[in-house]
Amino acid sequence: MQPDITRRNALAGIAAIGVGGLVATSTQASSTESAVLTLDDLGWDPATSQYTLPPLPYAYDALSTAIDEQTMRIHHDKHHAGYVRGLNNALAKLDEIRWDHTDGKLIQHWQRQLSFHMGGHINHTLFWSGMKSEMSGGGGQPTGNLNQAIKRDFGSFGKFTKQFKLAATKVEGSGWGWLVYEPLSKRLLVTQMQNQQDMMFAGAIPLLGVDVWEHAYYLKYQNRRADYVGAFMGVIDWDETSRRFEAARK
Ligand SMILES: [Fe+2]
């Protein structure tokens, strides 16, 4: 029975934050070519029925033109790890209580915890792999279909950049700035997210996100969030973002 339980957990968690169009289960897609994210990307371990923290896809100092090494170490090893722990804990708690219908408040509490921590895990996984060093080709502009779509939906790459930076910089409190694909209108949109999941609309498929929680930039930039967001633009992995765009459109 255990495999059924773990699969239910994973799918329940994904459904909780409305990212069914974002994450493919390993049975749906084992290749990252056909999904924005897979459970493998998220470190899902069917043997232990838990998510694990995937390593950074580059050295801690690889993005030092934009993000310093100490921030990367603390952000990935402590903050992101905390979301993974919280996610596993919420899934375990829900498994304990969701079939016991005597206390609905507990279900609501742990569902919120699940939403927050799974959002944190997914957001950070997309964040790390959405960047690469300038030496490796980070920054610049997208090409191909994504470039065309940005021109169509924002007017120009420059106008997109202006909107994205403004949205991210002006997030109230802690949150994220995102470039998302909206599958009903088949258009790109820039949107804000508060915390790890709030304000994201159903169906939006995140393609590129910048973390604007203070833990993402405060050591190097202090209160200068706009400077941090500007530096982030120089380490965007547009190849990976284009891959996600193509996967989202399928
Ligand atoms: Fe973060």
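Mind telling me which of the residues TYR228, TYR218 ends up being hydroxyl-bearing (Ser, Thr, Tyr), closer than 24 Å to LYS78 by Cβ and open to solvent by less than 20 Å² (accessible area, probe 1.4 Å)?
Exactly one of TYR228, TYR218 is hydroxyl-bearing (Ser, Thr, Tyr), closer than 24 Å to LYS78 by Cβ and open to solvent by less than 20 Å² (accessible area, probe 1.4 Å), namely TYR228.
Just to be sure, is ASP41 away from the ligand (no atom under 14 Å from the Cβ), under 28 Å from ASP198 (Cα atoms) and among the charged types (D, E, K, R)?
It is true that ASP41 is away from the ligand (no atom under 14 Å from the Cβ), under 28 Å from ASP198 (Cα atoms) and among the charged types (D, E, K, R).
Scan segment 198-230 for residues that are away from the ligand (no atom under 13 Å from the Cβ) and in contact with a Gly (Cβ under 6 Å, 6 or more places away or on another chain) and jot them down.
Those that are away from the ligand (no atom under 13 Å from the Cβ) and in contact with a Gly (Cβ under 6 Å, 6 or more places away or on another chain): ALA202, ILE205, LEU208.
Considering only residues of segment 136-194 that are acidic (Asp, Glu) and within 19 Å of the chain's Cα centre (by Cα), which is surrounded by the fewest Cβ atoms within 10 Å (Cβ to Cβ)?
If we take residues in segment 136-194 being acidic (Asp, Glu) and within 19 Å of the chain's Cα centre (by Cα), then GLU172 is surrounded by the fewest Cβ atoms within 10 Å (Cβ to Cβ).
So which helices (runs of 4 or more DSSP H) are wholly in segment 133-250 and hold at least 1 residues that are within 28 Å of GLY82 (Cβ to Cβ)?
By residue number, 157-169, 218-221, 225-232, 238-249.
Among the listed residues ASP100, ASP61, identify the single one that is at pLDDT 95 or above and either more than 16 Å from the ligand (Cβ to nearest atom) or hydroxyl-bearing (Ser, Thr, Tyr) (or both).
Sole residue among the options that is at pLDDT 95 or above and either more than 16 Å from the ligand (Cβ to nearest atom) or hydroxyl-bearing (Ser, Thr, Tyr) (or both): ASP61.
Looking at LEU87, LEU106, which is the one that is hydrophobic (A, V, I, L, M, F, W, C), surrounded by 14 or more Cβ atoms within 10 Å (Cβ to Cβ), in contact (Cβ under 8 Å) with a residue 60 or more places away in the chain and assigned to a helix (DSSP H, G or I)?
The conditions single out LEU87.
Residue by residue through segment 56-77, note down the ones that are within 25 Å of LEU179 (Cβ to Cβ) and open to solvent by 30 Å² or more (accessible area, probe 1.4 Å).
Listed by number, the residues that qualify are PRO57, TYR58, ALA62, SER64, THR65, ASP68.
The values are calculated or read from the model by the stated rules, or taken from the named source; none is laboratory data. A quick note: this is a predicted structure, and the numbers were derived from the prediction, not measured. Here the Cβ is made from the backbone with ideal geometry for all residues, glycine too, and neighbour counts use every protein chain on show. The area values use the complete protein model at the heavy-atom level, side chains included, leaving out ligands, DNA and RNA. Shrake-Rupley method; radii C 1.70, N 1.55, O 1.52, S 1.80 Å.
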